[in-house]
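The values are calculated or read from the model by the stated rules, or taken from the named source; none is laboratory data. A quick note: this is a predicted structure, and the numbers were derived from the prediction, not measured. A quick note on method: Cβ atoms are made from the backbone with ideal geometry, for glycine too, and the neighbour counts reach across all protein chains shown. When the accessible area is computed, the model is the full protein with side chains, heavy atoms only, and any ligands, DNA or RNA have been set aside. Shrake-Rupley method; radii C 1.70, N 1.55, O 1.52, S 1.80 Å.
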Protein chains: 2
Amino acid sequence: MKLSTKGRYGVKAMFDLAQNYGSGPIPLNNIARRNNISEHYLEQLIAVLRKAGLVKSVRGAQGGYILSKSPETITVGDIIRVLEGPIAPVDCVNEDEPEHCENADFCITRNIWAKVRDSVAQVLDSITLKDMLEESKNLQEQSYMYYI
Amino acid sequence: MKLSTKGRYGVKAMFDLAQNYGSGPIPLNNIARRNNISEHYLEQLIAVLRKAGLVKSVRGAQGGYILSKSPETITVGDIIRVLEGPIAPVDCVNEDEPEHCENADFCITRNIWAKVRDSVAQVLDSITLKDMLEESKNLQEQSYMYYI
DNA sequence: CTTATTTCCTACTGATTTGCTCGGCTTTCT
DNA sequence: AGAAAGCCGAGCAAATCAGTAGGAAATAAG
């Protein structure tokens, strides 16, 4: 039940882009440096995000990446699904094309995995990049208060 | 975010033992055959469950395995934790000993993974083997009704 | 006492996934 | 022209997965 670094790095990178939303294209090496991620590896991940239409790229000098939609319209679930595939603890409850299983109708464990899938999806789909930006602002205010 | 076969097979095997609870020790080859699992492989998994105290074994002819507690006191979460380790989509929100991360206090993504962990744990910890037995009975009744 | 049944234990293995690295090509701004 | 970026494909070491293989020890039944 672990997430791979694809999903983790992907969410970090997208959050970084959200924090810089409106400031033009952000070069990948900036994102990689700020988040301690190998630039070459992140390149492969963001290529997937680009092909899925979540980010746009600007080539050439002063180029970089931009969110293709505003932060409130992108959820963590969107990012995870692109990088990790459909949310499902086991293949027989896959969101897209559930693997066929002849005794699915009578399978008790299957119902459990469906519940897990739904609860994970509910959490991930309810959090937008904008929510994260706001939470980040709250945290900063709190730590400011702490030093008064 | 996939469960391995360890968790899946383990829950199936434990549910099988729950269905046979009170009928003395159940030999492993029966469980393996009923659930289409390699007996040798299941052997390794049930050894872990035994060492964790979830099942008891009876050696020798007419031996086998028995749940060490009644089905209503064993949750799916208990089984998964034994076979797959602590529930956590990433190590920094591990239930037992979270991996140290110096900027955990300011990490926004960390909060997301903690929410995922909690929602998964909530689902898995709320389902006991007895719940599964009852659901199984309901399903059987429904399919009986269907044929009247 | 012997034999069949069953658990217990250790080691090995092929396939797949993960988490990268390396090198080079193309585009575009200055 | 040159530097700064994205784009692309190949390769690779380590870990994990999902088993196999083979036998030793315990116990019930005959």
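Hey, does the stretch B:12-24 have a residue that's assigned to a helix (DSSP H, G or I) and more than 15 Å from the chain's Cα centre (by Cα)?
Our first condition is that a residue be assigned to a helix (DSSP H, G or I); within the stretch B:12-24, this holds for B:12-19.
Right, trim to more than 15 Å from the chain's Cα centre (by Cα) and you get none.
Checked the stretch B:12-24: no residue is assigned to a helix (DSSP H, G or I) and more than 15 Å from the chain's Cα centre (by Cα).
Name the residue that is least open to solvent (accessible area, probe 1.4 Å), counting only residues in the stretch A:20-39 that are touching a strand residue (DSSP E or B) at 6+ places or on another chain (Cβ under 6 Å) and more than 10 Å from DNA strand D (Cβ to nearest atom).
The first filter runs over the stretch A:20-39 and keeps only residues touching a strand residue (DSSP E or B) at 6+ places or on another chain (Cβ under 6 Å), leaving A:20-21, A:25-27.
Next cut, more than 10 Å from DNA strand D (Cβ to nearest atom) only: A:20-21.
Working: A:20: 43, A:21: 98 Å².
This residue is A:20.
Taking residue A:78, is it closer than 21 Å to residue B:89 by Cβ and touching a strand residue (DSSP E or B) at 6+ places or on another chain (Cβ under 6 Å)?
Numbers: closer than 21 Å to residue B:89 by Cβ: yes; touching a strand residue (DSSP E or B) at 6+ places or on another chain (Cβ under 6 Å): no.
No: the conditions fail for residue A:78.
Determine, yes or no, whether residue B:87 is under 25 Å from residue A:106 (Cβ atoms) and surrounded by 17 or more Cβ atoms within 10 Å (Cβ to Cβ).
Values: under 25 Å from residue A:106 (Cβ atoms): no; surrounded by 17 or more Cβ atoms within 10 Å (Cβ to Cβ): yes.
Against the criterion (under 25 Å from residue A:106 (Cβ atoms) and surrounded by 17 or more Cβ atoms within 10 Å (Cβ to Cβ)), residue B:87 does not qualify.
Find the residue count for the stretch B:9-68, including only residues that are hydrophobic (A, V, I, L, M, F, W, C) and within 22 Å of residue B:136 (Cα to Cα). Even if it seems obvious, please write down each step before you answer.
Filtering the stretch B:9-68 for residues hydrophobic (A, V, I, L, M, F, W, C) gives B:11, B:13-15, B:17-18, B:26, B:28, B:31-32, B:37, B:42, B:45-49, B:52, B:54-55, B:58, B:61, B:66-67.
Cutting the leftovers down to within 22 Å of residue B:136 (Cα to Cα) gives us B:11, B:13-15, B:17-18, B:26, B:28, B:31-32, B:37, B:54-55, B:66-67.
Total satisfying the criteria: 15.
Filtering the stretch B:25-39 down to residues that are in a loop (DSSP other than H, G, I, E, B) and near DNA strand C (Cβ under 8 Å from one of its atoms), which residue is farthest from residue B:5 (Cα to Cα)?
Of all residues in the stretch B:25-39, those in a loop (DSSP other than H, G, I, E, B) come to B:25, B:27, B:36-38.
Now narrow it down to the ones that are near DNA strand C (Cβ under 8 Å from one of its atoms): B:25, B:27.
Numbers: B:25: 24, B:27: 20 Å.
Going through the qualifying residues, I end up with B:25.
Just to be sure I understand, how many residues within the stretch A:128-137 are without any contact (Cβ under 8 Å) to a residue 12 or more places away in the chain and open to solvent by 80 Å² or more (accessible area, probe 1.4 Å)?
Selection size over the stretch A:128-137: 2.
Which count do you get for residues in the stretch B:34-55 that are touching a residue at least 12 places away in the same chain (Cβ under 8 Å), under 17 Å from residue B:15 (Cβ atoms) and of a type outside the set (A, V, I, L, M)? Even if it seems obvious, please write down each step before you answer.
So in the stretch B:34-55, the residues touching a residue at least 12 places away in the same chain (Cβ under 8 Å) come out as B:34-35, B:37, B:41-43, B:45-46, B:48-50, B:52-55.
From the residues that got through so far, the ones that are under 17 Å from residue B:15 (Cβ atoms) too are B:34-35, B:37, B:42, B:45-46, B:48-50, B:52, B:54-55.
Subset that is of a type outside the set (A, V, I, L, M): B:34-35, B:50.
Of the residues in the stretch B:34-55, 3 are touching a residue at least 12 places away in the same chain (Cβ under 8 Å), under 17 Å from residue B:15 (Cβ atoms) and of a type outside the set (A, V, I, L, M).
Given the criterion among the aliphatic types (A, V, I, L, M), in a loop (DSSP other than H, G, I, E, B) and within 13 Å of chain B (Cβ to nearest Cβ), identify the matching residue among A:61, A:88, A:121.
Just one listed residue meets the conditions, A:88.
For every residue, the table says whether it meets (1) in a loop (DSSP other than H, G, I, E, B); (2) more than 10 Å from chain B (Cβ to nearest Cβ); (3) modelled with pLDDT under 95.
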| site | (1), (2), (3) |
| --- | --- |
| A:72 | no, yes, no |
| A:80 | no, no, no |
| A:99 | yes, yes, yes |
| A:112 | no, no, no |
| A:116 | no, no, no |
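Please find, within the stretch A:49-58, the residue that is farthest from residue A:26 (Cα to Cα) out of those that are open to solvent by 60 Å² or more (accessible area, probe 1.4 Å) and in a helix (DSSP H, G or I). Before you say what the answer is, go through the steps one by one.
Here is the first cut: in the stretch A:49-58, the residues open to solvent by 60 Å² or more (accessible area, probe 1.4 Å) are A:50-51, A:56, A:58.
Restricting the remaining residues to those that are in a helix (DSSP H, G or I) gives A:50-51.
Details: A:50: 14, A:51: 18 Å.
Once the filter is applied, the top-ranked residue is A:51.
Somewhere in the stretch B:72-81, is a residue open to solvent by 10 Å² or more (accessible area, probe 1.4 Å), of a type in the set (Asp, Glu), over 23 Å from residue A:132 (Cα atoms) and in contact (Cβ under 8 Å) with a residue 12 or more places away in the chain?
Filtering the stretch B:72-81 for residues open to solvent by 10 Å² or more (accessible area, probe 1.4 Å) gives B:72-73, B:75, B:78, B:81.
So of that shortlist, the ones also of a type in the set (Asp, Glu) come out as B:72, B:78.
Subset that is over 23 Å from residue A:132 (Cα atoms): B:72, B:78.
Okay, now just the ones that are also in contact (Cβ under 8 Å) with a residue 12 or more places away in the chain, so B:72, B:78.
Taking every residue of the stretch B:72-81 in turn, at least one turns out to be open to solvent by 10 Å² or more (accessible area, probe 1.4 Å), of a type in the set (Asp, Glu), over 23 Å from residue A:132 (Cα atoms) and in contact (Cβ under 8 Å) with a residue 12 or more places away in the chain.
Of the residues in the stretch A:110-127, how many are open to solvent by 20 Å² or more (accessible area, probe 1.4 Å) and either of a type outside the set (Gly, Ala, Ser) or at positive phi (or both)?
7
Looking for whichever is crowded, with 18+ Cβ neighbours inside 10 Å, more than 11 Å from DNA strand C (Cβ to nearest atom) and not β-branched (Val, Ile, Thr) here; the options are A:42, A:17. Which one fits?
A:17
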